[in-house]
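What follows is a single structure, written as structure tokens, with notes after it.
The values are calculated or read from the model by the stated rules, or taken from the named source; none is laboratory data. Bear in mind the structure is a predicted one, so any value in this text is a computation, not a measurement. Every residue, glycine as well, gets a Cβ built from its backbone with ideal geometry; the counts of neighbours run over all protein chains shown. SASA here: full protein model, heavy atoms, side chains in, ligands and nucleic acids out. Shrake-Rupley method; radii C 1.70, N 1.55, O 1.52, S 1.80 Å.
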Amino acid sequence: MTISMDFLDKLGIRGDVDAIHTGLKAMGSRNKGAFESFSPVDGKLIGKVFKASKSDYDSLVKLSQSAFVEWRSVPAPKRGEVVRQIGNKLREYKEPLGKLVSYEMGKSLQEGLGEVQEMIDIADFAVGLARQLYGLTMHSERPSHRMYEQWHPLGVVGIISAFNFPVAVWSWNSFIAMVCGDVSIWKPSEKTPLSAVACFNIIKDVLAANKVPEGTLSMIVGDVAEVGEPMLADERVPLVSATGSCRMGKRVAEVVGKRLGRSLLELGGNNAIILTEHANLQLAAPGIVFGAVGTCGQRCTTTRRLIVHESIYDKVKEMLLKAYGGLRIGSPLDEKNHVGPLIDKDAVALMQKALGQAKAEGGKVIFGGEVLDGFDSGCYVKPAIVEAKNSMSVVQEETFAPILYLMKYSGAVEDGIKMQNDVKQGLSSAIFTDSIRQAEAFLSALGSDCGIANVNIGTSGAEIGGAFGGEKETGGGRESGSDSWRAYMRRQTNTINYSTHLPLAQGIKFDI
């Protein structure tokens, strides 16, 4: 199909782009080379973004520090009003930004539009949150004393995002941080930098019209050595929120922890769906298939393992083969297609390596896995189904590709839960069952050990109202809804003595 590039003009994406955006203007040196963004859809060059230098990074942090001094003094509801206007501006540009996300990353157009809608939704959530940054009041053991706690802005928040959600993850962090009184510096993935640039082209007029201090929302594109590592080690950045691989997260935790900073980590997932003997397979089928092949298997919540009770195993296998046989693979901008490309040829190579390892360990590829000819980018693959065992080393690791490992369990639901939990990651999980006992066992303290546990829906597609994140090697971080806002603030306990005496706690006597 012929792809119209009109959306690039609407988003101001033409020519070479500077490495930094301060919220009001683009800037940065141009002597460190540039990232070239090639679309996995057709292999064409979309544009170039210059790389920032270490001195560029230092200048931006100083600007952000100055912005924080001013921004934290703005009343929270007024901060929320700015975010409301940002959400409205995103509504105006939902279609072109969704198309760019789809074209630059490779996810389906519906998923690209959905990602922008997620940004709009989190903006709405943050607006309400601006009037709900609640603390508690406590009764003091001392007479004529009052105790309470309050929450204050934290400072400069560093945001490191991954290519698979090139815009939404930034909004989860930056919009919440903004109403909390923080400022943020976003380091987007070098694989999808133009989507980040487009976001700032969209919001800059809102920031200018509201006289938001320059550097309150900012972006910097650069190498790990020039930007990434300095951000991790920078004591001027009290919180680093990082989304990516477990390997990357361990590095973030190590460097940030060494300076006693905070890190909010959203890392790998090795997510499973359990199908018990009481599962409604008609209900489960779309949840399984979308969870496994949506975004071409490049979601942290992608369904990677399907754990099936032995009594229905053959029926499920037949159902999957039929469903996968009907998948339409092609340009994600064509809404008739179910599956688009992987992000690049490196991802294709990693998928092929994982399939080879699965075979070597005794796994059986029963569907797909081939690299597809006829596409200029070389990034299109046929989603794979592999009969495997949970104990295989390849199954124990996350491969960011559409590989679904099919395995069986026998006995009670607790056996399936034990298999699900027997991996190092703990992000998302799901069970399909019409048995309330099995569902409650899955949700109990003895059940799923993941941060997300669903009943009769899949592992993928979390709503913004709930806290998002996971346990074990997934990092333990929580973003988006519920009380996740607390990660972006500092807690303060206050005691007020309104008496004419100074009694000490615990009844201690100290007379002078």
Residue match in the range 128-151 (condition: in contact with a Ser or Thr (Cβ under 6 Å, 6 or more places away or on another chain), among the acidic types (Asp, Glu) and loosely packed, with under 15 Cβ neighbours inside 10 Å): yes
Please work out which residue is nearest to LYS317 (Cα to Cα), limiting yourself to the range 344-378 and to residues that are of a type in the set (D, E, K, R) and open to solvent by less than 80 Å² (accessible area, probe 1.4 Å). GLU361
Do you know which residues across the range 46-81 are among the hydrophobic types (A, V, I, L, M, F, W, C) and under 21 Å from VAL179 (Cβ atoms)? LEU63, ALA67, PHE68, VAL69, TRP71, VAL74, ALA76
Considering the range 75-94 alone, what residues qualify as being closer than 13 Å to VAL212 by Cβ and open to solvent by less than 40 Å² (accessible area, probe 1.4 Å)? ARG79, GLY80, VAL82, VAL83, ILE86
Is it true that SER184 is in contact with a strand residue (DSSP E or B) (Cβ under 6 Å, 6 or more places away or on another chain), within 21 Å of ARG84 (Cβ to Cβ), in a strand (DSSP E or B) and open to solvent by less than 10 Å² (accessible area, probe 1.4 Å)? yes
When the residues of the range 130-175 are filtered to those that are within 23 Å of the chain's Cα centre (by Cα) and of a type in the set (Ser, Thr, Tyr), which remaining residue is nearest to SER73 (Cα to Cα)? SER174
Can you give me the number of residues within the range 333-347 that are more than 16 Å from THR302 (Cβ to Cβ) and under 26 Å from the mean Cα position of the chain (by Cα)? 7
Residue, farthest from LYS345 (Cα to Cα), within the range 95-124, restricted to residues that are open to solvent by 10 Å² or more (accessible area, probe 1.4 Å) and more than 17 Å from the chain's Cα centre (by Cα): ASP124
Taking only pairs six or more apart or across chains, which ones have beta-carbon atoms under 6 Å, a first residue in the range 339-355 that is small (Gly, Ala, Ser), and a second residue that is assigned to a helix (DSSP H, G or I) and at pLDDT 95 or above? GLY340/CYS296; ALA354/VAL394
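Per-residue answers, yes or no, for (1) buried (at least 18 other Cβ atoms within 10 Å of the Cβ); (2) part of a helix (DSSP H, G or I); (3) among the basic types (Lys, Arg); (4) within 19 Å of the chain's Cα centre (by Cα):
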| site | (1), (2), (3), (4) |
| --- | --- |
| SER189 | yes, no, no, yes |
| ASP205 | no, yes, no, no |
| GLU214 | yes, no, no, no |
| ALA225 | no, yes, no, no |
| ARG247 | no, yes, yes, yes |
Looking only at the range 25-38, count every residue that is assigned to a strand (DSSP E or B) and more than 26 Å from the chain's Cα centre (by Cα) and tell me the total. 1
For ALA253: the one exception among (1) more than 22 Å from LEU97 (Cα to Cα); (2) crowded, with 21+ Cβ neighbours inside 10 Å: (2)
Yes/no for LYS408 being under 21 Å from ILE366 (Cβ atoms), more than 26 Å from the chain's Cα centre (by Cα) and open to solvent by 30 Å² or more (accessible area, probe 1.4 Å): yes
Kindly indicate the residue of the range 143-180 that is assigned to a loop (DSSP other than H, G, I, E, B) and out of contact with any Leu (no Cβ under 8 Å at 6 or more places or on another chain) and also nearest to GLY228 (Cα to Cα) among those meeting that condition. SER161
Quick test for you: out of GLY411, GLY447, GLY416, pick the one residue that is in a loop (DSSP other than H, G, I, E, B) and either at positive phi or out of contact with any Asp or Glu (no Cβ under 9 Å at 6 or more places or on another chain) (or both). GLY411
Working only within the range 13-41, note down all residues that are loosely packed, with under 15 Cβ neighbours inside 10 Å and at pLDDT 95 or above. LYS25, GLY33, GLU36
Is one or more of the residues making up the range 466-480 in contact with a strand residue (DSSP E or B) (Cβ under 6 Å, 6 or more places away or on another chain), closer than 29 Å to TRP151 by Cβ, surrounded by 18 or more Cβ atoms within 10 Å (Cβ to Cβ) and among the aromatic types (Phe, Trp, Tyr)? yes
When restricted to ALA284, ALA272, the only residue part of a helix (DSSP H, G or I) and not polar (S, T, N, Q) is ALA284
When the range 458-480 is checked residue by residue, the ones that are in a strand (DSSP E or B), in contact (Cβ under 8 Å) with a residue 60 or more places away in the chain and of a type outside the set (Ser, Thr, Tyr) are PHE468, GLU479
Taking the range 419-444 and keeping residues open to solvent by less than 40 Å² (accessible area, probe 1.4 Å) and part of a loop (DSSP other than H, G, I, E, B) leaves VAL423, LEU427, THR433, SER435
Quick test for you: out of VAL49, VAL82, VAL41, VAL69, pick the one residue that is in a helix (DSSP H, G or I), of a type in the set (Val, Ile, Thr) and within 25 Å of the chain's Cα centre (by Cα). VAL82
Among the residues of the range 481-491, count how many are of a type outside the set (Gly, Ala, Ser) and open to solvent by 60 Å² or more (accessible area, probe 1.4 Å). 4
